[in-house]
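Chemist: Submitted below is the structure of interest, expressed as C-alpha cells.
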Amino acid sequence: MSENRKKPKTEHTNDYAVQRVPEGGRKGFFSVAMVSAGFCICMSGLMTGASFAMGLTLKQAIIASIIGNLILALYGGALGHAGAKEGVATSMLARVSFGFHGSKIISLIVAITMAGWYAFQCGFFGQTINAMFPEGGVIVAVPVAAAWGGILMLLSAYFGYKGLDVLSKVVVPLISAVAVIGVILTVNANDGWANIAAMEPSEPMTLAAGIVAVVGSFAGGASAQADITRYAKNTKVAWGGTIFGYMLANTFIILAGFITTRGTGAESLPHAMLALGMGFPALLVLIGAQWTTNDNNLYTSSLGFCNIITKLTKKQLVLIIGIVATILGAAGAINYFVNWLVILGIGLPPMAGIIAADYLIIHKQHYPLDCGDKYCNWNIVAFVSWAIACIVGYCVSWGVASINSLVVGFVVYLIGMKLLGDKGKIGEHIQEL
C-alpha cells in the first residue's frame with residue numbers, strides 16, 4: 001500500500017513527464033487558456049506586428065493576423081486534442097506513431113530546437129534591454145541582462161505546468177492591460193482610428209506574405225501544443241484554450257504591436273511605449289512577453305529530453321538545459337546556430353501532421369500508452385513520410401512552408417500506412433509505465 005501511495009507523488013514531482021496526467025491533476029479552461037496565451041504572447045508576435053506597420057494597411061494586418069492564427073489554432077488544436085484526450089506530451093504521442101525508439105529522435109529534435117530558441121531569446125532579451133535602457137549601467141549590459149533574464153525564465157519552467165500556470169495568470173492580464181493603454185494613447189496621439197487606418201505602408205508587402213509571417217512566427221510552438229493541453233480536463237477545454245491563445249491573445253498582441261508602432265513610427269511595441277512616455281510599462285511588456293514564452297520553450301525542451309534521458313528528473317533537466325542555454329545566449333554563441341535552428345524547426349510541423357494523422361485516423365483517437373500495452377520500436381512509414389515532408393517544406397517556395405510540410409506529412413503518412421500497414425513497423429515494445 002505504501003508503494004502505491006509513493007508512486008503518484010513521484011509522478012507529480014516529475015510533472016508527469018512520461019506518464020498520463022491523472023484526472024485529479026487536470027485543469028479547466030482558464031488555466032489552459034492563460035498558459036496558451038502566455039506561450040503565444042511573445043517578442044516574435046510584437047516584432048511581427050512591428051514589421052506589418054511598414055508593409056500592411058490596418059485592414060490587411062487584421063486579416064493576416066486572423067487567418068494566420070486560425071491556421072495555427074487548427075493544427076495546434078489537433079495536437080492539443082490528442083494531448084488532452086490521452087493526457088500525455090508530444091514526445092509521448094510520438095511513441096506510437098514513430099515507435100518507442102523512433103520517438104527519441106523526434107524528442108531530440110524538439111528538445112534541441114526549443115532549447116536553442118531559449119538560448120537565442122535570452123541573448124535577444126539582453127540586447128533589447130540594453131538598447132532600450134542604454135544608460136542603465138552594468139545591470140543592462142547585454143551579457144548581464146541575458147543572464148538574469150535567463151534565470152527568471154528558468155524559474156517558472158522549473159516548477160513545470162504549475163509554474164507556467166501561476167506566471168501566466170499574473171503576467172498575461174498585465175501585458176494585455178499595458179498593451180491596451182499603449183494602443184489608446186497611440187490612437188489619441190493620432191486624433192483617432194481613422195487617421196491610423198488611413199496611414200499607408202512605406203514598404204508594401206502582400207497579404208499572403210503577412211499570413212506567412214504570422215504562421216511562420218509560431219509554427220514550431222503550435223507543434224508542441226499537446227505539452228500544454230495534456231493538463232486540460234477534456235478536449236473541449238483543450239480546443240477552447242488553444243483557440244483563446246492564438247485567435248485572441250496572439251492576434252491581439254500582433255495588432256497591438258502594429259498599431260503602436262505605426263502610430264509612433266517606432267521599431268517595436270516596447271520602443272513605441274517609450275515614445276509614449278511609458279518607460280516602466282514598456283519594461284514590463286518586454287520582460288513578461290519573453291518570460292511567458294521562453295519558459296514554455298524550456299518546459300517543452302525538458303519534456304523532450306525526459307523521453308530520452310530517464311535517469312534524471314524533469315527538474316534536473318530544466319536546470320541543466322536552462323543554465324547551459326543561458327550561458328550560450330549570454331555569450332552570443334547561439335547566434336551562430338540560428339540557421340540550424342530554422343532548419344530543425346522545419347521538421348516540427350510535419351511531425352505534428354504525422355502524429356495527428358496517426359492519432360485521429362489510424363488509431364481513431366485512442367493510443368496504447370498504459371502499462372502492458374504494445375506498440376512498435378520503429379515505424380519506417382512515419383520516418384519516410386517525415387523526410388518527404390521536410391524536403392517539400394524546405395524546397396517548395398509556394399505558400400507557407402510549415403503548412404506545406406504539415407499537409408504533406410499528414411497525407412503521405414496516411415497513404416503509406418494504407419499501402420503497407422504494420423509491414424513498415426519494426427520490433428515490439430511493451431509499455432512499462
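The values are calculated or read from the model by the stated rules, or taken from the named source; none is laboratory data. Quick caveat: nothing in here was measured; it's all calculated off a predicted structure. Counting neighbours? That spans all protein chains shown, and the Cβs are built from the backbone with ideal geometry, glycine included. Surface areas here come from the heavy atoms of the whole protein model, side chains and all, with no ligands, DNA or RNA. Shrake-Rupley method; radii C 1.70, N 1.55, O 1.52, S 1.80 Å.
Chemist: In square angstrom, what is the accessible area per residue of the chain with a 1.4 angstrom probe?
Modeler: For the chain, the per-residue accessible area is 41 Å².
Chemist: Here is a further query. Report the relative contact order of segment 117-156, percent, no decimals, based on alpha-carbon pairs under 8 angstrom and at least 6 residues apart.
Modeler: Values: 36 pairs, mean separation 17.2, N = 40.
Reported as a whole number, the value is 43 percent.
Chemist: Of Lys374/Lys423; Lys162/Lys236; Lys162/Lys364, which pairs sit farther than 23 Å apart, going by alpha carbon to alpha carbon?
Modeler: Lys162/Lys364
Chemist: So, one more: Using every Cα-Cα pair within the chain, state what percent have a distance larger than 36 Å.
Modeler: Details: 22572 of 93528 pairs.
Above the 36 Å cut-off, the chain has 24 percent of its Cα pairs.
Chemist: Go through Ile181, Gly136, Gln121 and say which Cα lies farthest out towards the positive end of the charge dipole of segment 113-250; charges sit on Cβ, +1 for Lys and Arg, -1 for Asp and Glu.
Modeler: Gln121
Chemist: So, one more: Taking +1 at the Cβ of each Lys and Arg and -1 at the Cβ of each Asp and Glu, which of Ser103, Gly240, Leu286 sits farthest along the dipole of the chain towards its positive end, judged by Cα position relative to the Cα centre?
Modeler: Projecting each Cα onto the dipole axis, the largest value belongs to Ser103.
Chemist: Ranked from highest to lowest mean number of other Cβ atoms within 10 Å per residue, what is the order of the peptides 22-35, 406-419? Working shown, then result.
Modeler: On the way: 22-35: 18.9, 406-419: 20.4.
Ranked by mean Cβ neighbours within 10 Å, highest first: 406-419, 22-35.
Chemist: Now, a different point. Along the charge dipole of the chain, pointing to its positive end and built from +1/-1 on Cβ of Lys, Arg, Asp and Glu, which listed residue (Leu298, Gly216, Phe337) has its Cα farthest out?
Modeler: Of the candidates, Leu298 comes out farthest on the positive side.
Chemist: Could you work out the per residue convex hull volume over the alpha carbons of segment 121-263, in cubic angstrom?
Modeler: Per residue, the Cα convex hull of segment 121-263 comes to 157 Å³.
Chemist: Quick one: putting +1 on the C-beta of Lys and Arg, -1 on the C-beta of Asp and Glu, what dipole do you get for the chain around its Cα centre, in Debye to the nearest 20?
Modeler: Magnitude of the dipole: close to 1140 debye.
Chemist: Hey, another quick one. Classify segment 45-184: rounded, prolate or oblate, from the alpha-carbon gyration tensor (a ≥ b ≥ c, eigenvalue square roots; a/c under 1.5 rounded; otherwise prolate if a/b is larger than b/c)?
Modeler: Working: a/c = 1.95, a/b = 1.29, b/c = 1.51.
Here segment 45-184 falls in the oblate category.
Chemist: While we're on this one: Looking at segment 112-205, I'd like the Rg to Rh ratio, where Rg is from alpha-carbon atoms and Rh is Kirkwood's inverse mean 1/r.
Modeler: Details: Rg = 18.0 Å, Rh = 16.4 Å.
Ratio of gyration radius to Kirkwood radius: 1.10.
Chemist: Considering only protein heavy atoms and a 1.4 Å probe, what is the carbon-and-sulfur percentage of the accessible area of the chain?
Modeler: The computed percentage sits at 69.
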